[in-house]
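Visitor: Sharing a structure below in structure tokens format, with a few things to ask.
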Amino acid sequence: MRSNGCGDLRDTHIDETVQLCGWVDRRRDHGGVIFIDLRDRSGTVQITVDPDLGADAFAVAEHLRSETVLQVVGLVRARPGESLNDRLATGAVEVLASSIHVLNRVKGTLPFPVSVHDEENTREELRLRHRFLDLRRKRMNDNLRLRAQTIQTARRFLEDEGFIEVETPVLTRSTPEGARDYILPSRVCGGEWFALPQSPQLFKQLLMVGGIERYYQVARCFRDEDLRADRQPEFTQLDMEMSFMGQEEILALNERLIAAIWKTVKGIDLPLPFPRLTWHEAMERYGTDRPDTRYGMELTNVSDIVKDMGFKVFSGAVKSGGSVKCIAVAGGNDAVSNVRIKPGGDVFSEAQAAGAGGLAFIRVREGGEIDTIGAIKDNLSDEQKQTLLQRTGAEPGTLLLFGAGDTATVNKALDRVRQYLAKEMGLVKADRENDQWNFLWVVDFPMFEFNKDENRLEALHHPFCAPNTTDLGDNAEDWAKKLPTARAQAYDLVLNGLELGGGSLRIHDSALQREVLNSIGLAPEEAQEQFGFLVDALDMGAPPHGGLAFGVDRMVMLLAGEDSIRDTIAFPKTQQARCLMTAAPAGVSGQQLEDLHVASTWVDPVTENTD
């Protein structure tokens, strides 16, 4: 139906007759001559319709609406000098139409403008409800192309490295992997259930036992959890697993993979190797295991300086086993007013949202003098003051913001305040303008964290991570005692404050795997029921292996400069896990439920309250 793409025409095509297909991006009537911007996925080109050179085409063009689908035949010619458009790839040429055939008309009212000239800030709800129109817009079209290029580059790199792509099941069994499963009733096996995979974790380990050695997959994963801008109920991972490779080899290979993607997609040469921080260092210096290292304002632990001072908020926090930390905001005296730090202020609200009761502060003036509330100033000796200023590197004009309490809350609050102030003070560019790519490996995670609600240990990543051999030792009789405080041979790749992916070396010894499952509270019978197939496989000569998975949606979001992964997915769900376009999820018939041997107990709370 067409000989060329609309956006592919250049001055080398002048005097050629072409046949184009696309949508009417806009139509302009200049008193006797009509101009149509015709758009397809390759771009836009100007169609000129002159009544003296194509009367039938002109008669059609007079009544065209935006987004009408056309087939145009015409002659490519140079644009007159005064109408050259250097902002358009096809801006040196135009097509003089000899015929226009309408392939399909728009029969209703467009819910929002689609033209490349009118990419206004349409409400996301409207965009998602009419996603088929939103995908025509340049922004979404470009994002999906970038996504395809990213995946294509990864596939080529991994296949050149000897990996093979293997698909793993989507219908599997429910296993505790950290998030809530999506479960599906089985019609054939009444009373039994499938689960959609949270990840291909167990299957890719079994592939290693099966001798595949180097596996990858662009895998669909499903988690029934609360959503936010960078989460979806179904998402895509670039998943991989490797046998006979240690942690250093796995990290080096994945650094080269990421470098290949950034070179292909962004034209950027990333410096290798990436920096590293241990989990403990990241938490101590940034309060998070996914720190943004594009700017300073690192957390400083001052617990030892203030532990004995008369200000009970500080000394009490230390005595109760917590911490006092602060961030030094250079130029903060001018940038952040007292009103913003006190209750009701925006900075206070950020700390409060992270669980803190508030923030204490000290303003550093000329000559090293400090300005703060009397309860702090009167109880801070000259020696303590000098030690504090020296440790934080605070110069005149610096604002010190303090968090005091249990360490986890202090870390969370100051991390959130740090990120908020960095954006407010322009220390980082807007997502679409970002040109800093601060990659960072975070390593040596703890094996476990303590779940206070359930009074038990739970795996920080998942219960298949191999513990650090130095922490564990060679004596199997000591494993139960040493595992709770052991480090995992786990690693996350962080980019600009977001986790891009992560993985670990895996346990390949069945006895150690059983001990780890026991450490998280799974009785032997329960462990065998849920993970027996994996443990049995480890008994059959499992090789040492490890792997990693990258979040494709999040990676593309960062590459595209978007602030939500929904703008990198063709048909995403809302934060309520709904598809507005198809109205999914939706009800099903009673017969379908009967066939599946299930019944719905759902009661609409609105209706119930009304009754």
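The values are calculated or read from the model by the stated rules, or taken from the named source; none is laboratory data. None of the values given here were measured: they were computed from a predicted structure. Ideal geometry is used to build each Cβ from the backbone, glycine not excepted, and the neighbour counts take in all protein chains shown. Protein only, heavy atoms only, side chains kept; ligands, DNA and RNA dropped before computing areas. Shrake-Rupley method; radii C 1.70, N 1.55, O 1.52, S 1.80 Å.
Visitor: Just by accessible area at a 1.4 angstrom probe, what is the order of LEU440, LEU206 from largest to smallest?
Guide: Of LEU440, LEU206, the descending order of accessible area is LEU206, LEU440.
Visitor: Treat segment 32-128 as a sphere of radius equal to its Kirkwood radius over Cα pairs and apply Stokes-Einstein at 25 °C in a medium of 0.890 mPa s; give the translational diffusion coefficient in µm²/s, rounded to a whole number.
Guide: 166
Visitor: Report, to the nearest whole %, how much of the accessible area of the chain belongs to carbon and sulfur atoms, 1.4 Å probe, protein only.
Guide: 49
Visitor: While we're on this one: Indicate the gyration tensor shape class of segment 542-581 (rounded, prolate or oblate), computed on the Cα atoms with a ≥ b ≥ c the square roots of the eigenvalues: a/c under 1.5 is rounded; otherwise a/b larger than b/c is prolate and the rest oblate.
Guide: oblate
Visitor: Also: Along the charge dipole of the chain, which of MET208, PRO113, ASN4 sits closest to the positive end, that is, farthest toward it, with unit charges on the beta carbon of Lys, Arg, Asp and Glu (+1, +1, -1, -1)?
Guide: PRO113
Visitor: Same structure, new question: In whole Hz, what ³J(HN,Hα) sequence does segment 66-82 give by Karplus (6.51, -1.76, 1.60; θ = phi - 60°), x for Gly and Pro?
Guide: Those phi angles translate into 4, 6, 5, 8, 10, 10, 10, 10, x, 9, 7, 9, 6, 6, x, x, 6 Hz.
Visitor: Roughly how much of VAL116 is accessible, in Å² to the nearest 10, using a 1.4 Å probe?
Guide: The value for VAL116 is about 50 Å².
Visitor: Per the Kirkwood formula on distinct C-alpha pairs, the Rh of segment 326-399 is how many angstrom? Write down the numbers at each step before the final one.
Guide: Details: mean 1/r = 0.0776 Å⁻¹.
For segment 326-399, inverting the mean 1/r across all distinct Cα pairs yields 12.9 Å.
Visitor: Suppose accessible area is computed on protein heavy atoms with a 1.4 Å probe; arrange PHE203, PHE402, PHE244, PHE361 from highest to lowest.
Guide: PHE244, PHE203, PHE361, PHE402
Visitor: Can you tell me the 0 to 90 degree angle between the C-alpha axis of helix 407-424 and the longest principal axis of the chain, rounded to 10?
Guide: Approximately 30 degrees, to the nearest ten.
Visitor: Can you give the Rg and Dmax of segment 173-217 based on its C-alpha atoms, in angstrom?
Guide: 13.3, 38
Visitor: I'd like to compare 576-585, 458-467, 388-397, 326-335: which one has the highest average count of other Cβ atoms within 10 Å, and what's the full order after that?
Guide: 458-467, 326-335, 388-397, 576-585
Visitor: Relative contact order of segment 62-134: what whole-number percent is it, with Cα pairs under 8 angstrom and at least 6 residues apart? If you can, show how the numbers build up before the last one.
Guide: On the way: 74 pairs, mean separation 23.4, N = 73.
About 32 percent, as a whole number.
Visitor: Here's a follow-up. Taking 8 Å as the Cα distance limit and 6 or more residues as the minimum spacing, I'd like the relative contact order of segment 500-592 as a percentage.
Guide: 29
Visitor: Whole-Hz ³J(HN,Hα) for each residue in segment 473-486, computed from phi via Karplus 6.51 cos²θ - 1.76 cosθ + 1.60 with θ = phi - 60°, x for glycine and proline: what do you get?
Guide: x, 9, 8, 4, 5, 8, 4, 4, 7, 8, 4, x, 10, 6
Visitor: When Cα extents along the principal axes in Å is calculated directly from the model, which label among (1) 92, 73, 64; (2) 70, 58, 58; (3) 84, 67, 42 fits?
Guide: Checked against the structure: label (1).
Visitor: If you don't mind, there's one more thing I want to ask. Would you tell me the accessible area of TYR420, worked out with a 1.4 angstrom probe on the heavy atoms of the protein chains, in Å² to the nearest 10?
Guide: Its accessible surface works out to 50 Å², give or take rounding.
Visitor: Let me ask something else. Please state the relative contact order of the chain as a whole percent: Cα pairs under 8 Å, 6+ residues apart?
Guide: 13
Visitor: To the nearest Å, what is the center-to-center distance of segment 227-303 and segment 520-580, using C-alpha atoms only?
Guide: Each part reduced to its Cα centre gives a spacing of 17 Å.
Visitor: Helix 247-266 against the longest principal axis of the chain: what's the angle in degrees, Cα atoms only, rounded to the nearest 10?
Guide: For 247-266 against the chain, the angle is about 30 degrees.
Visitor: Excluding ligands, DNA and RNA, what is the solvent-accessible area per residue of segment 215-314 at a probe of 1.4 Å, expressed in Å²? Please report the intermediate quantities before stating the final value.
Guide: Details: 4200 Å² over 100 residues.
That works out to 42 Å² for each residue.
Visitor: How far is helix 510-519 tilted, in degrees, relative to the longest principal axis of the Cα atoms in the chain, given as a value from 0 to 90 rounded to the nearest 10?
Guide: It works out to around 80 degrees.
Visitor: Add +1 for every Lys or Arg and -1 for every Asp or Glu among the other residues with Cβ under 15 Å from the Cβ of LEU580, and state the total.
Guide: Around LEU580, the surrounding residues sum to +3.
Visitor: Enumerate the amide H contacts of VAL302 below 5 Å, restricted to partners 5 or more residues apart or on another chain; note that Pro and chain-start residues carry no placed amide H.
Guide: So VAL302 has HN proximity to VAL324, LYS325, CYS326.
Visitor: Next question, about the same structure. For segment 476-582, just say rounded, prolate or oblate: build the C-alpha gyration tensor, square-root its eigenvalues into a ≥ b ≥ c, call rounded for a/c under 1.5, and beyond that prolate if a/b exceeds b/c, oblate if not.
Guide: prolate
Visitor: Using the Karplus curve 6.51 cos²θ - 1.76 cosθ + 1.60 with θ = phi - 60°, what ³J(HN,Hα) values do you get for each residue of segment 22-38, in whole Hz, with x for Gly and Pro?
Guide: So the Karplus estimates, Gly and Pro as x, are x, 9, 6, 6, 6, 10, 10, 9, 9, x, x, 10, 10, 10, 10, 8, 9 Hz.
Visitor: Can I ask one more? Sort ARG487, ARG41, ARG506 from largest to smallest accessible area, using a 1.4 Å probe on the heavy atoms of the protein chains.
Guide: Order by accessible area, largest first: ARG41, ARG487, ARG506.
Visitor: A follow-up question, please. In the chain, what % of DSSP beta bridges are antiparallel (nearest 5)?
Guide: Bridges in the chain are about 95 percent antiparallel.
Visitor: Okay, moving on. With viscosity set to 1.306 mPa s at 10 °C, what whole-number translational diffusion coefficient in µm²/s follows for segment 388-540 from Stokes-Einstein and a Kirkwood radius over Cα pairs?
Guide: Working: Rh = 18.9 Å.
Translational diffusion coefficient: 84 µm²/s.
Visitor: Here is a further query. Assign one of three labels to segment 249-393, namely rounded, prolate or oblate, based on the Cα gyration tensor with a ≥ b ≥ c the square roots of its eigenvalues; rounded applies when a/c is under 1.5, prolate when it is not and a/b is larger than b/c, and oblate otherwise.
Guide: prolate
Visitor: On a straight-distance basis, which lysines could pair with LYS429 in a cross-link, Cα separation under 20 angstrom, same-chain partners fewer than 8 positions away excluded?
Guide: LYS266
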